[in-house]
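K.L.:
Dumping the structure here so I can ask a few things about it.
The values are calculated or read from the model by the stated rules, or taken from the named source; none is laboratory data. Just so it is clear, the model here is predicted, and its values are computed rather than measured. Here the Cβ is made from the backbone with ideal geometry for all residues, glycine too, and neighbour counts use every protein chain on show.
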Amino acid sequence: MFFGTRRCEVGLTLLELVVATAMLLVLATMALPMARVKIKRDREIELRRALREMRTAIDRYKDASDVGLMEVKADSEGYPESLEILVEGVQLAGKSDRKVRFLRRIPVDPMTGLADWNFRCVKDPPDSRFWCGDNVFDVSSRSIGEALDGTRYQDW
């Protein structure tokens, strides 16, 4: 037997380990901001969906009141007094046993985590941050944050 030959050693050198670790670190630091943007974009999509759902329900309520399917207060101008009315339902005119519901539930604002929204009534100016309290003409988020496109969530 010849003792002078060396066996082929298998493994990584310290330099190879440092280079591989550095590459993983660079990739991880690039992925983290992209993940944050993805999460924010998903929340913005959910906010747009919730606003569209509530605005559609308000419009359907207004359409039903305009054609006389239900009795509404004269000073409400045909808009609901609150979002809760859209969930609880409204009696149809002349039919005491039938209720019409326009929302299943009040959506949660994904930016604030609460089912608490800013309201506007018909009498409020378009840029108003205060609600007159008579009816719900429009809804918006209470979040003071800024969207990916640079607009404020309150302005959506």
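K.L.:
Only residues that are modelled with pLDDT of 85 or more and part of a loop (DSSP other than H, G, I, E, B): list them for region 83-107, please.
P.N.:
If the condition is that a residue be modelled with pLDDT of 85 or more and part of a loop (DSSP other than H, G, I, E, B), then GLY89, ARG101, PHE102, LEU103, ARG104, ARG105, ILE106, PRO107 are the ones that fit.
K.L.:
Mind listing whichever residues of region 1-54 are of a type in the set (Asp, Glu) and either modelled with pLDDT of 90 or more or part of a helix (DSSP H, G or I) (or both)?
P.N.:
Correct list: GLU16, ASP42, GLU44, GLU46, GLU53.
K.L.:
Tell me yes or no: at least one residue of region 129-142 is closer than 29 Å to ARG152 by Cβ, under 16 Å from the mean Cα position of the chain (by Cα) and free of Cβ contacts under 8 Å to residues at least 60 places away in the same chain.
P.N.:
Yes, the conditions are met somewhere in region 129-142.
K.L.:
Same structure again: Checking the conditions here, which among PRO110, PRO80 is touching a strand residue (DSSP E or B) at 6+ places or on another chain (Cβ under 9 Å), in a loop (DSSP other than H, G, I, E, B) and surrounded by 15 or more Cβ atoms within 10 Å (Cβ to Cβ)?
P.N.:
Going through PRO110, PRO80 in turn, the sole match is PRO80.
K.L.:
Let me ask something else about it. Residues of region 144-156 being exposed (fewer than 12 other Cβ atoms within 10 Å of the Cβ) and in a loop (DSSP other than H, G, I, E, B), which ones?
P.N.:
Scanning region 144-156 gives ILE144, LEU148, ASP149, GLY150, THR151.
K.L.:
Another question about this same structure. Going through region 85-102 one residue at a time, which ones are exposed (fewer than 12 other Cβ atoms within 10 Å of the Cβ) and either of a type in the set (Gly, Ala, Ser) or under 17 Å from THR56 (Cβ atoms) (or both)?
P.N.:
Correct list: GLY94, SER96.
K.L.:
Out of the residues in region 119-143 that are farther than 12 Å from MET54 by Cα and modelled with pLDDT of 90 or more, state the one that is surrounded by the most Cβ atoms within 10 Å (Cβ to Cβ).
P.N.:
SER143
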